[in-house]
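What follows is one structure encoded as structure tokens, with my remarks underneath.
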Amino acid sequence: MQTITLNNPITIDSTSISELTLRRPKVRDYLAIDRLDGSNLAREVALTANLASVTKETIEELDIVDYVKIQEVLRGFFPSQRT
């Protein structure tokens, strides 16, 4: 698990959110998003919401700077590939 402190906290249903904790993804997480329609970004948002145990709408409210931080954490969950 990794906790990301938000540069720009958000408020959802009168609750302030200043950090999100993402758990490591499992194969079942990828199978779930593979079944979804939509763009790659929409699938990534759904995956992020699932890993953080929040709604997609919560992820959609994030400032782009904070979302980029989350994307970096997601990339860190996967070993780099060598060609």
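Among the residues of segment 26-52, those that are without any contact (Cβ under 8 Å) to a residue 12 or more places away in the chain and either loosely packed, with under 10 Cβ neighbours inside 10 Å or under 21 Å from Gln2 (Cα atoms) (or both) comprise Lys26, Val27, Arg28, Leu31, Asp34, Arg35, Asp37, Ser39, Asn40, Leu41, Arg43, Ala49.
Scanning segment 12-21 for residues that are at pLDDT 95 or above and exposed (fewer than 10 other Cβ atoms within 10 Å of the Cβ) yields a single hit, Ser16. Here is the figure for segment 56-80: residues that are modelled with pLDDT under 95 and of a type in the set (Val, Ile, Thr) total 1. Contact annotation: residue pairs with Cβ atoms under 7 Å, 6 or more positions apart or on different chains, pairing a residue in segment 2-20 that is small (Gly, Ala, Ser) with a partner that is at pLDDT 95 or above, are Ser16/Pro9; Ser18/Thr5; Ser18/Leu6; Ser18/Pro9. Would you mind stating whether Leu20 is part of a loop (DSSP other than H, G, I, E, B) and in contact with a strand residue (DSSP E or B) (Cβ under 7 Å, 6 or more places away or on another chain)? No, not satisfied.
Output the residues belonging to segment 34-79 that are of a type in the set (Lys, Arg) and either closer than 15 Å to Thr21 by Cβ or assigned to a helix (DSSP H, G or I) (or both). Once the filter is applied, which keeps residues that are of a type in the set (Lys, Arg) and either closer than 15 Å to Thr21 by Cβ or assigned to a helix (DSSP H, G or I) (or both), segment 34-79 yields Arg43, Lys56, Lys69, Arg75. Annotation note: of Leu62, Leu41, the sole residue that is within 12 Å of the chain's Cα centre (by Cα), closer than 20 Å to Phe78 by Cβ and not acidic (Asp, Glu) is Leu41. Here Thr5 fulfils each of the conditions (1) surrounded by fewer than 14 Cβ atoms within 10 Å (Cβ to Cβ); (2) not in a strand (DSSP E or B) apart from (2).
The values are calculated or read from the model by the stated rules, or taken from the named source; none is laboratory data. Just so you know, these numbers come straight off a predicted model, no measurement behind them. Here Cβ is always computed from backbone atoms with ideal geometry, including for glycine, and neighbour counts include all displayed protein chains.
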